[in-house]
Structures are given as structure tokens and as C-alpha cells.
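First the structure, in the form of C-alpha cells, and then the observations on it.
Read the figures in this text as sums done on the coordinates, not as results from a lab. Computed from a predicted model, the values in this text were never measured in an experiment. A quick note on method: Cβ atoms are made from the backbone with ideal geometry, for glycine too, and the neighbour counts reach across all protein chains shown.
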Amino acid sequence: MRRICALGLLVVACALLAPHAASRAEYGDVVLNRRSDGEGVRPVIFPHWFHRIRFRCKVCHFELGFEMRAGANDVTMDDIANGKFCGMCHDGKTAWGADRCDLCHAGKPGQPSRIVGGAQTSGPGRW
Amino acid sequence: MRLLLALAIVATLVAPAAADDRKWLPLAKDGIHDPANPALRLKQEPAEALSKLPPDTAGNLVNWVRALESGAIAPRTNILPETNVRVRDDEIIVSKFGSMPAVVFPHRPHTLWLDCSNCHEKLFVSKAGANRFSMQKILDGEQCGVCHGAVAFPLTECNRCHSLPNEVLLRRMRK
């Protein structure tokens with residue numbers, strides 16, 4: 001009887017202490033670092049989760065013309081200041097403007113452009 | 001003693017279902033944000049936004065289609081007033097009679113988020129049966145893998161696409 005009780009308690013303890021998902025950035029987060037490192041600013045972190053609560057994919061990937069491939073879009077600060085790409089909303093009215101550097105350029109320096117999640121898995125396609 | 005054991009077992013069975021135990025890492029600890037950036041505290045934390053949305057077991061732990069269909073979120077369909085917002089309701093059945101259940105591709109949830117031109121004609125031609133799908137390509141981030149594995153539910157969720165048993169499909173075709 002005591003052994004069964006101990007087993008029961010062990011099961012409960014395991015359920016309570018189950019480890020949570022391994023440490024990683026949010027699914028769909030994009031690191032953009034075509035130029036940032038070279039220009040001496042932090043790379044941009046683009047969170048898909050934040051933007052898709054407010055806009056459907058088609059707004060950026062159809063109306064604004066963003067290619068659906070991390071690192072494939074050649075976006076300059078000039079473009080943004082002229083209302084293209086991110087600048088369509090990041091104009092200081094709809095969303096914060098291009099003068100708030102640190103809010104977008106928020107990544108750890110030295111990271112390659114990529115999507116966290118990722119577009120490629122470590123599955124058979126890579127073996 | 002027996003009561004204690006019974007309670008313990010009941011608690012184990014009920015606990016995971018009852019509580020929303022989803023967890024999201026704070027931005028400063030996610031490995032890609034620079035914790036030294038003073039502006040980091042001005043940004044919204046994933047947990048604050050995502051904990052209020054319908055749960056899922058993969059990706060952001062949010063069922064994004066359910067979030068949209070239930071009205072939990074109301075993301076804008078367009079910014080430019082002249083944009084034609086297109087939604088299509090039909091379903092395409094592909095990958096029939098293979099080693100896995102057939103794939104049901106529902107246009108509706110895809111077109112609620114995306115425009116036709118995001119997939120057609122570059123990724124897929126607009127003709128049922130005319131596209132050759134390959135799991136190898138999908139796992140390499142091509143075809144469905146452009147989004148699934150990156151922003152839409154990941155490729156470990158086999159049965160969410162491969163959802164129609166071949167026997168059911170066969171019976172349907174005989175009718």
C-alpha cells in the first residue's frame with residue numbers, strides 16, 4: 001500500500017515539475033541584419049505574433065510587397081522614411097516613427113538574418 | 001490512505017486540462033533580443049498578448065485561425081482603400097491514396113490571412129491536381145513550408161493537413 005502511495009505521489013510530482021518548452025525566441029520572430037551590424041546598430045527583431053494580432057499577412061506580404069523569406073527584403077531607412085515597407089505604418093502616427101531606433105533595432109549584435117521557428121526544420125530535408 | 005491515492009490520481013488527470021499552463025519567455029531572456037537595450041521595457045511582452053488568445057500546443061501556443069474566426073482578434077485586411085480583399089471558401093483534396101491520409105487544403109483560413117497572389121502562381125498553379133507536392137521540399141521551406149514551420153503551425157503537426165483517411169475518400173468517390 002505504501003509503495004502504491006509513493007508511486008502516486010511520484011506521478012503527481014512529475015506532473016507538477018514537468019519542464020516547460022526549451023528556452024527560445026517566439027515562433028515567427030525574424031532577425032533582420034542585412035546592414036545593421038555594418039552600420040553600427042543592433043539588428044532588427046520583427047515579431048510576427050505582435051503584427052498579426054493587428055494586421056493580416058496580406059497587408060504586408062501583398063499590399064506592401066514584403067517577400068515571404070527572411071533576409072530577402074532589401075529595406076533601407078530611406079525607404080521607411082519615405083513611407084515604404086515598415087514606413088507605411090511606422091510613421092509616428094499609426095505606429096512609432098523611424099526616430100525610435102531602439103524599439104525595432106533591438107536584437108543582440110552579430111546575429112545572422114533568419115526566422116525563428118524556422119522556415120527549415122532539422123528534419124529529413126537536411127540530412 | 002486509499003482516499004489519498006485516489007485524490008492524487010484525480011489531481012494528476014485533471015490538472016493539465018484545467019489550467020492554462022502556457023508559458024512565453026520574456027523578451028530579455030529569449031536569446032535574440034539585447035537585454036542591454038533600454039527600450040526593451042517599452043515593448044509588449046508575448047505573454048501579455050498571447051495568453052488572452054485561444055490556445056494551441058505548437059508554435060506561439062495560439063490557434064491563430066480560431067483567434068480570427070472567434071473575433072478574439074480583428075486584424076485589418078487592408079491599408080490601401082482600393083485593395084480588393086478576396087476570400088475563397090472551397091477545399092482542395094491533394095495527396096490522395098498515399099501512405100498517409102489525404103491532405104485537405106481549406107481555402108478559407110488561408111485566404112482570411114493571405115491574398116491569392118501570395119501562393120498563386122509562383123508557389124502553386126491555380127488548378128487542382130496540377131501541383132506536385134513534396135514533403136522534402138516542404139521540410140526545406142518551399143511550397144507549404146514557406147509558412148508552415150515558420151509562422152503557421154509547424155510540420156510536426158502531420159494530421160492537421162493529412163486529415164482525410166483514404167478509405168473515407170474512396171467511399172466518397174464511389175457514391
Per-peptide average of other Cβ atoms within 10 Å, ordering B:152-158, B:74-80 highest first: B:152-158, B:74-80
Using R₀ = 41 Å, calculate the FRET efficiency as 1/(1 + (r/R₀)^6) where r is the Cβ-Cβ separation of B:S134 and B:S70; round to 0.05. 0.75
With a 10 Å radius around each residue's Cβ, average the other Cβ atoms per peptide and rank B:30-36, A:90-96, highest first. B:30-36, A:90-96
Alpha carbon centre of segment B:113-175 versus segment B:48-67: separation in Å? 22 Å
GluC sites (Glu not before Pro) within segment A:25-69: which are DSSP loop residues with at most 13 other Cβ atoms inside 10 Å? A:E67
What percentages make up the Cα-Cα pair-distance distribution of segment A:29-120 when the bins are 10 Å wide from 0? 16, 53, 30, 1
Shape verdict for chain B, please, from the Cα gyration tensor: rounded (a/c under 1.5), prolate (a/b greater than b/c) or oblate. oblate
The orientation-averaged projected area of the Cα convex hull of segment B:78-174, in nm², is 7.1 nm²
For segment B:112-165 the mean separation of alpha carbon contacts under 8 Å (6+ apart) over residue count, i.e. relative contact order in percent, is 16 percent
Write out the chymotrypsin sites (Phe, Trp or Tyr not before Pro) in segment B:65-140 meeting two conditions: DSSP loop, and at most 12 other Cβ atoms within 10 Å of their Cβ. B:F97
Set Lys and Arg Cβ to +1 and Asp and Glu Cβ to -1, take the dipole of segment B:78-174 about its Cα centre, and tell me which of B:M135, B:C147, B:P101 lies farthest positive. B:P101
Can you tell which of B:C158, B:L80, B:V168 lies farthest toward the positive end of the dipole of segment B:78-174, using +1 and -1 charges on the Cβ of basic and acidic side chains (Lys, Arg; Asp, Glu)? B:V168
Would you calculate the separation in nanometres between label points at B:E142 and B:K96, each defined as 7 Å from the Cα along the Cα-to-beta-carbon direction? 2.5 nm
Ignore the peptide's own chain and count Cβ atoms of other chains within 10 Å of each Cβ in B:26-33; give me the average, rounded. 6
Kindly provide the GluC sites (Glu not before Pro) of segment B:40-133 that DSSP labels as loop, not H, G, I, E or B, and whose Cβ sees at most 14 other Cβ atoms within 10 Å. B:E82, B:E121
How many partner chain Cβ atoms sit within 10 Å of a residue's Cβ in peptide A:35-47, on average, as a whole number? 2
